[in-house]
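Following: one structure in C-alpha cells, then a few remarks.
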Amino acid sequence: MNALLAWLATLPDPLLYGALVLAAFAENVFPPLPADTVIALGAFVAARGNGTAFGVWSATMLGNVGGAMLMYGLGHRYGLPWLIRRFPSVVSPSAADRFAERFQTQGMVAVVVSRFLPAVRALVPPMAGALGIGAARAAIAMTLASGVWYGGICTLAFRAGASADALLVRIAEQQRAIGLVAASIVVIAGGVLWGRRRARRTSGEDGQ
C-alpha cells in the first residue's frame, strides 16, 4: 500500500485523475483488481494537493460507469451462455435464473441494490445486458449506485486525517455496512416474493 500511495503522490493532477478513471473502469472488467483501494488512496493524495472532491468523484464515475456499460454491451450481445462460460464459478444456470427473476420483478431497484453486493457487483452490468434491461435504465441504475458508493469513499478521503491506513479501515467499515444493508434488502424482497407466490398457490388450490 505504501508503494502505491507513494507512486500516486508523484503524479500531477491530470495523471492522478487519469489513474482513477482507469482503476474504476478496470474494476468492471477484472473484478479482482482492488480498485476501491486505488481510488481511496488517490482521493487521499488529491485531498492533500490541489485536487477536489468533485474532480476525484467525477473521474471515478466516468471510469466506473464507462466500464459497467462496456460489460453491459458484452452481456447484451453474447447473452447468458457467454456469461455462464465466462464466470462458471459464479453464474450457474440457477444463479442466472435468480438474477432474471429479481430483475424482472424489481427492475431498476434490483440493479441498484445488487451493485452494493461485493460478491456479485461486477456481474450486474453484463447480467443486466444479457437479461434485456434497457440500456438507459441500466445506466441510470448503475450511475446511482456508483454515485453513492464512490461519493462515500471521496467524502471519507477528503475528511480523513493524516493516516491513509485509518482511511482504508473506515472505508472497509463503510462498505461492509452498505453491503449488509443491501443484502438485507435482497433477503426481505425474496421473502416478500416467496410469500406472494405461496399465497397465490394457496388461493389457486382453494379455488379448485
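The values are calculated or read from the model by the stated rules, or taken from the named source; none is laboratory data. On a predicted model such as this, the values are computed, not experimentally measured, just so you know. Positions of Cβ are backbone-derived with ideal geometry, glycine not excepted, and every protein chain shown enters the neighbour counts.
Could you check the stretch 29-54 and list, in sequence order, the residues that are in contact with a Phe, Trp or Tyr (Cβ under 9 Å, 6 or more places away or on another chain) and either of a type in the set (Lys, Arg) or in a helix (DSSP H, G or I) (or both)? ALA35, ASP36, ILE39, GLY42, ALA43, PHE44, ALA46, ALA47, ALA53 - these are the residues of the stretch 29-54 that are in contact with a Phe, Trp or Tyr (Cβ under 9 Å, 6 or more places away or on another chain) and either of a type in the set (Lys, Arg) or in a helix (DSSP H, G or I) (or both). The set of residues in the stretch 12-28 being over 15 Å from the mean Cα position of the chain (by Cα) and among the acidic types (Asp, Glu) consists of ASP13 alone. For first residues located in the stretch 97-113 and polar (S, T, N, Q), partners that are modelled with pLDDT of 75 or more and lie 6+ apart or on another chain with Cβ distances below 9 Å form the pairs GLN104/ALA110; GLN104/LEU131; GLN106/VAL113.
Applying the set (1) closer than 30 Å to LEU168 by Cβ; (2) among the polar types (S, T, N, Q); (3) free of Cβ contacts under 8 Å to residues at least 24 places away in the same chain to SER92 leaves exactly one unmet item: (1). Listed by position, the helices (runs of 4 or more DSSP H) inside the stretch 77-172 whose residues that are surrounded by fewer than 19 Cβ atoms within 10 Å (Cβ to Cβ) number at least 3 are 93-106, 135-159.
Quick one: would you say ARG77 is free of Cβ contacts under 8 Å to residues at least 40 places away in the same chain and among the basic types (Lys, Arg)? First the steps, then the outcome.
Details: free of Cβ contacts under 8 Å to residues at least 40 places away in the same chain: no; among the basic types (Lys, Arg): yes.
For ARG77, the condition - free of Cβ contacts under 8 Å to residues at least 40 places away in the same chain and among the basic types (Lys, Arg) - is not met.
Got at least one residue in the stretch 114-136 being within 16 Å of the chain's Cα centre (by Cα), within 17 Å of PRO34 (Cβ to Cβ), modelled with pLDDT under 75 and not acidic (Asp, Glu)? Yes; the residues of the stretch 114-136 include at least one that is within 16 Å of the chain's Cα centre (by Cα), within 17 Å of PRO34 (Cβ to Cβ), modelled with pLDDT under 75 and not acidic (Asp, Glu). Picking from residues in the stretch 41-87 that are charged (D, E, K, R) and more than 29 Å from LEU11 (Cα to Cα), the one that is modelled with the highest pLDDT is ARG77.
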